[in-house]
1. Please list, in chain and number order, the residues 5+ apart from H41 or on another chain whose amide H is under 5 Å from its amide H, with Hs placed from the backbone.
2. May I ask you to evaluate 6.51 cos²θ - 1.76 cosθ + 1.60, the Karplus curve with θ = phi - 60°, for each residue of region 135-150 and list the ³J(HN,Hα) values in order in whole Hz, giving x for glycine and proline?
3. Taking just the alpha carbons, could you work out the radius of gyration and Dmax for region 133-172, both in angstroms?
4. Ignoring ligands, DNA and RNA, what accessible area per residue does region 1-148 give at 1.4 Å, in Å²?
5. Name the residues whose placed amide hydrogens come within less than 5 Å of the amide hydrogen of V17, ignoring near sequence neighbours (fewer than 5 apart) on the same chain.
6. Need the full-extension length gain, D175 to Q107, defined as separation in residues times 0.36 nm minus the C-alpha distance. One decimal, nm.
7. Show me, for region 177-191, the HN-Hα J-couplings you get by feeding each phi into the Karplus relation (A = 6.51, B = -1.76, C = 1.60, θ = phi - 60°), rounded to Hz, glycine and proline as x.
8. Roughly speaking, what is the centre-to-centre gap between region 67-141 and region 31-50 when only Cα atoms are used, to the nearest Å?
Amino acid sequence: NYGLDTETSDFDTFTFVLPSLREISVLRDPISTTREDDLGHINIKDIRLALNLLKKTSPNSVECFASKNRIVDAKYADLLSTVFDSPYALRCDTNHMMMAIGGMAHQLSKRNMNPGKRLSHILRMHCMVHRYFDVNADILSMTEEEQQLALKAKRDPENQKWEKLIEEYSAIVNDEVRNVNMHYFDAHAELAKDIICDIQENLIERKLTIR
């Protein structure tokens with residue numbers, strides 16, 4: 001998504017699934033689980049939960065729905081394209097998005113993980129803060145400087161020299177979050193949430209009619 005894959009990268013995927021007719025009829029809890037194979041992690045989540053997270057503008061869900069690396073079932077492509085093509089669908093809740101990014105950057109600065117990986121994650125958070133406020137921008141598009149720094153950190157993950165940059169970028173992200181207008185997209189938020197709610201309802205209705 002960010003052009004940060006290296007020769008040692010694994011292959012993590014998010015798989016959004018629709019419930020079966022039986023699961024709907026017996027009101028079974030929506031699936032949300034993680035599996036692991038030789039290639040990497042596979043996160044499996046009910047599409048209804050995924051869209052609920054998008055309504056909150058959860059950073060992880062924004063990354064997934066903003067990704068160009070996706071495969072969509074043709075039966076539902078027209079419905080989901082409304083999300084993929086809308087500049088505001090990824091920006092339903094500015095407050096939640098910014099507070100989540102600030103919290104994640106702070107946690108990553110302290111987390112028990114190799115410094116290179118932590119720095120590359122914080123740089124992604126930094127990228128998302130800036131791209132979030134430009135509806136014409138690719139929300140996952142890092143600057144060349146950010147990308148090169150993240151790649152260097154990923155290729156030399158145990159080097160302690162990254163610790164200083166981790167602290168600097170974590171502070172930068174949190175300072176930026178504190179100074180943004182948390183109501184920046186309020187005028188479009190309800191419309192975007194209504195669109196996503198309609199998609200959730202239509203996905204289930206279509207599931208019930210497709211044989």
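The values are calculated or read from the model by the stated rules, or taken from the named source; none is laboratory data. Since this is a predicted model, take the numbers as computed values, not measurements. Don't worry about glycine lacking a Cβ; one is built from the backbone with ideal geometry, like all the others, and counts go over all protein chains shown. Please note that ligands, DNA and RNA were not included when accessible areas were found on the heavy atoms of the full protein model with its side chains. Shrake-Rupley method; radii C 1.70, N 1.55, O 1.52, S 1.80 Å.
1. Placed amide hydrogens put F11, D12, T13 under 5 Å from H41.
2. Working through the residues one at a time gives 5, 8, 9, 6, 5, 9, 8, 7, 5, 4, 5, 4, 5, 5, 5, 4 Hz.
3. Just the Cα atoms of region 133-172 yield Rg and Dmax of 12.5, 37 Å.
4. About 54 Å² of surface per residue is accessible.
5. Those lying under 5 Å, H to H, from V17 are K45, D46, I47.
6. So the chain would gain 23.0 nm between D175 and Q107.
7. So the J values, rounded to whole Hz, are 4, 5, 9, 7, 7, 5, 10, 4, 10, 4, 5, 10, 4, 5, 4.
8. Using only Cα atoms to place each centre, the spacing works out to 18 Å.
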